[in-house]
Amino acid sequence: MGAYVNPIYLYKAPTDLKATPPLRKPLIVIGAGPVGLAAAVDARLQGLEVLVLDDDKTVSVGSRAVCYAKRALEVLDRLGVGQPVCDLGVSWNIGRTFLEEEEVYQFNLVPDPGHKRPGMVNLQQYHIEEMLIARALELGADIRWQHKVTAVTRHDDHATLTVETPDGTFDIEADWLVVADGARSPIRRHLGLDIEGRVFQDRFLIADVIMKADYPAERWFWFDPPFHPNQSVLLHKQSNNVWRIDFQLGWDADPEEEKKPEKVIPRLQAMLGDDRPFELEWVSIYTFQCRRMTDFRHGRVLFVGDAAHQVSPFGARGANSGFQDTDDLMWKLALVMQGQAPDKLLDTYAQDRQFAADENIMNSTRSTDFITPKSRTSKTFRNQVLALAKHYPFARKLVNSGRLSVPSFLTASLLNTPDAEAFEGQMVPGAPMDDAPVQVNGREGWLLDQVGKGFACLLFADAGPSAEVLAQLQALQTGKLPVTPLIVAPRALSVPGVQVIVDAQGWMAKRYDGKAGTTYLLRPDQHVAARWRQLSAAQVQQAVAHATCNA
Amino acid sequence: MHTTLLKSDPNFHEPGRRFFRDFSPGDDFYEALIEAHNGLSDEQSEAFNARLILLLANHIGDLRVLREALHAAKATV
């Protein structure tokens, strides 16, 4: 056992970036946290040149964001780091909630089988950042450490950045600027942009503890446990024998005092209930706010992640929603930058992710209000929900110790083509795609690994396509915005020039209400754009035009 | 606990509205309930709760259900 040692990334003098007049870059990302790095990796996958500027020279100090939800893992799969994250992290699906010492509620994040990724993987933020940095560099992203952006000036068709380095200050321009500089976002403040919401008056202590323990890989949450009366406690397992323990302290707690080991260690000893040895890796006191920027887009400047929106930590909706921001943004930005879609496509980034941010804020606020009731009446209701939960299923469903991050159904997205026919199930236009086990070229695989590079069209079939259908599928591959056709069949078929996905176990047919002829148009970010009961290349192309603001 | 008429499974719903997450309709109600108490003193909240129970009890009407609910509330301490 041993504590994590932060790597130091080498500073490179900006001799190649300094110029008069200033250099113009197509895309600059400010901030090499998980979300900025995801933007950079995605940019490279979309074929965009990208420069990342970060004021620091290392990854996260302390574990910080540790819970990565299924949808974020699927995004990380598309970015090429999903597997190492899952290999090093701790996968879990079960959450248990205790009142005092008794379990009152249990949830399973992924009750259905047939998904590549689990409900959640716990992994320290510094590990994820290291993996994303390696991936971004491998793909040719240019990351500059100790490059602090101190000013941004917005113009109609670019932004000018002032950058401070150990070798002095210089200006550089960007056609497009992605701001991922975190919750305090100096750039957001510098530009004087609004972020509004609610401040919560409560303090929490995070202790990352290195110890040998055989608790299961589950999320354990206590209301009013005997070892920390009248407050809540949360336990998470991380990789390499590190455990995250989170104690609610109340608003009156003195943050400097509570951080001291002589205060933290007795709390941990009371919780662990024995004299097992442990080491403190990281201790932090935090408060939080639930708020978002009014608009995530300001012309050529696009805000992502915590810079744009913040939530309470109950629900792991911070970093997870940040990954979904860049997942939504980068394909749109690439189409606009490559001249394949009009500028207004980026307004839909702001609209869709503001909608998602509101949902995340709503859910994390509800959890916070349940965990830390603000009035006597609210506390009475909370405690009586917990009392009823021992006996009644309806009350168990009301127990809210955190509604864990799930992706939004973007049902109001302007990019959707509304259904004209009846479908069962949840894969409505705007839905994040459900995964399913499939076979491809005779090998076991997963649906989501087959899509996510440009637009795709799924056609459910029970036999090989007619010449007419095949011609329509082939027509989709040509044209201004090519669509990759995929045939979904219950058994292997040989179709020239079209990939066949074998849905041998029928999960896709069930989840997508797929019958012969059912056609889905899928966005590059694995959301449903449109669906029909019969294939028509003209309809698919029209829906692609609609989903890219070209119609 | 054995009940016959009183619903004890999750039952919050809204006709015509689609919920993609099973916790959402219950959370919608719970939030509305707590919000309705915002700004009330403890005494006002108590009176509010009494009015709410009376309104809901009349809506349910079936005395057998109400007796079961009274019993369930009393038995859960």
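The residues of segment A:363-383 that are more than 7 Å from chain B (Cβ to nearest Cβ), touching a Ser or Thr at 6+ places or on another chain (Cβ under 8 Å) and part of a helix (DSSP H, G or I), listed by number, are A:Ser364, A:Thr365, A:Ser367, A:Thr368, A:Phe370, A:Ile371.
Taking segment A:509-525 as the range and being buried (at least 17 other Cβ atoms within 10 Å of the Cβ) and either out of contact with any Leu (no Cβ under 6 Å at 6 or more places or on another chain) or at pLDDT below 95 (or both) as the test, the residues that pass are A:Ala509, A:Arg511, A:Tyr512, A:Asp513, A:Gly514, A:Thr518, A:Leu521, A:Leu522, A:Arg523, A:Pro524, A:Asp525.
The combined condition, being more than 9 Å from chain A (Cβ to nearest Cβ) and among the polar types (S, T, N, Q), is fulfilled by B:Ser41.
Of all residues in segment A:487-540, those satisfying the criterion of being over 15 Å from A:Gln450 (Cβ atoms) and either in the same structural domain as A:Arg71 (by TED's automatic domain parsing) or of a type in the set (D, E, K, R) (or both) are A:Arg491, A:Lys510, A:Asp513, A:Lys515, A:Arg531, A:Arg533. Against the criterion of being surrounded by 21 or more Cβ atoms within 10 Å (Cβ to Cβ), outside the structural domain of A:Gln124 (by TED's automatic domain parsing) and under 18 Å from A:Ser312 (Cβ atoms), A:Phe204 qualifies.
With a requirement of 1 or more residues that are basic (Lys, Arg) and modelled with pLDDT of 95 or more, the strands (runs of 3 or more DSSP E) lying completely within segment A:395-469 that satisfy it span A:443-446. The condition (being outside the structural domain of A:Ala72 (by TED's automatic domain parsing) and at pLDDT 95 or above) is satisfied by just one residue among A:Gln310, A:Gln269, A:Gln248, A:Gln324: A:Gln248. If you go through segment B:45-55 and keep only what is free of Cβ contacts under 8 Å to residues at least 12 places away in the same chain, at the interface with chain A (Cβ under 9 Å from one of its Cβ atoms) and of a type outside the set (D, E, K, R), you end up with B:Ser45, B:Asn49.
Selection of segment A:301-349 for residues being farther than 23 Å from A:Cys549 by Cβ and not in a loop (DSSP other than H, G, I, E, B) yields A:Gly305, A:Asp306, A:Ala307, A:His309, A:Gln310, A:Ala319, A:Asn320, A:Ser321, A:Gly322, A:Phe323.
The single residue among A:Asn400, A:Asn320, A:Asn360 that is crowded, with 24+ Cβ neighbours inside 10 Å and within 11 Å of chain B (Cβ to nearest Cβ) turns out to be A:Asn400. Pairs are defined by a Cβ separation below 8 Å, a sequence spacing of at least 6 or placement on different chains, a first member in segment A:136-155 that is in the same structural domain as A:Val52 (by TED's automatic domain parsing), and a second member that is in a loop (DSSP other than H, G, I, E, B) and surrounded by fewer than 13 Cβ atoms within 10 Å (Cβ to Cβ); the pairs so defined are A:Trp145/A:Leu10; A:Gln146/A:Pro166.
Determine if segment A:406-413 includes at least one residue that is of a type in the set (Val, Ile, Thr), facing another protein chain (nearest Cβ under 10 Å) and surrounded by fewer than 22 Cβ atoms within 10 Å (Cβ to Cβ). Don't jump to the end; show me each part of the working.
Step one: list which residues in segment A:406-413 are of a type in the set (Val, Ile, Thr), which gives A:406, A:411.
Right, trim to facing another protein chain (nearest Cβ under 10 Å) and you get A:406, A:411.
From the residues that got through so far, the ones that are surrounded by fewer than 22 Cβ atoms within 10 Å (Cβ to Cβ) too are A:406, A:411.
Yes - at least one qualifying residue is present in segment A:406-413.
Applying the selection to segment A:215-238, what residues are among the hydroxyl-bearing types (Ser, Thr, Tyr) and part of a strand (DSSP E or B)? Break it down stepwise before answering.
Going through segment A:215-238, the residues among the hydroxyl-bearing types (Ser, Thr, Tyr) turn out to be A:215, A:232.
Within segment A:215-238, A:Ser232 is the sole residue that qualifies.
Considering segment A:414-447, and only residues there that are closer than 19 Å to A:Arg353 by Cα and small (Gly, Ala, Ser), the residue that is surrounded by the most Cβ atoms within 10 Å (Cβ to Cβ) turns out to be A:Ala431.
In the condition set (1) in contact with a strand residue (DSSP E or B) (Cβ under 9 Å, 6 or more places away or on another chain); (2) crowded, with 18+ Cβ neighbours inside 10 Å, A:Tyr11 is compliant with all but (2).
Out of curiosity, is A:Leu234 out of contact with any Leu (no Cβ under 6 Å at 6 or more places or on another chain) and either over 23 Å from A:Gly305 (Cα atoms) or not small (Gly, Ala, Ser) (or both)?
Yes, satisfied.
Scanning segment A:173-189 for residues that are in contact (Cβ under 8 Å) with a residue 24 or more places away in the chain and surrounded by fewer than 16 Cβ atoms within 10 Å (Cβ to Cβ) yields a count of 1. Candidates are the residues of segment B:13-28 that are within 8 Å of chain A (Cβ to nearest Cβ) and within 11 Å of A:Arg366 (Cβ to Cβ); the one that is surrounded by the fewest Cβ atoms within 10 Å (Cβ to Cβ) is B:Phe23.
Just checking, does segment B:64-73 include any residue being at positive phi, of a type outside the set (D, E, K, R) and more than 14 Å from every other protein chain (Cβ to nearest Cβ)?
If we filter segment B:64-73 for residues that are at positive phi, which is where we start, we get none.
No: zero hits.
The values are calculated or read from the model by the stated rules, or taken from the named source; none is laboratory data. As the structure is a prediction and not an experimental result, all values here were calculated from the model. Here the Cβ is made from the backbone with ideal geometry for all residues, glycine too, and neighbour counts use every protein chain on show.
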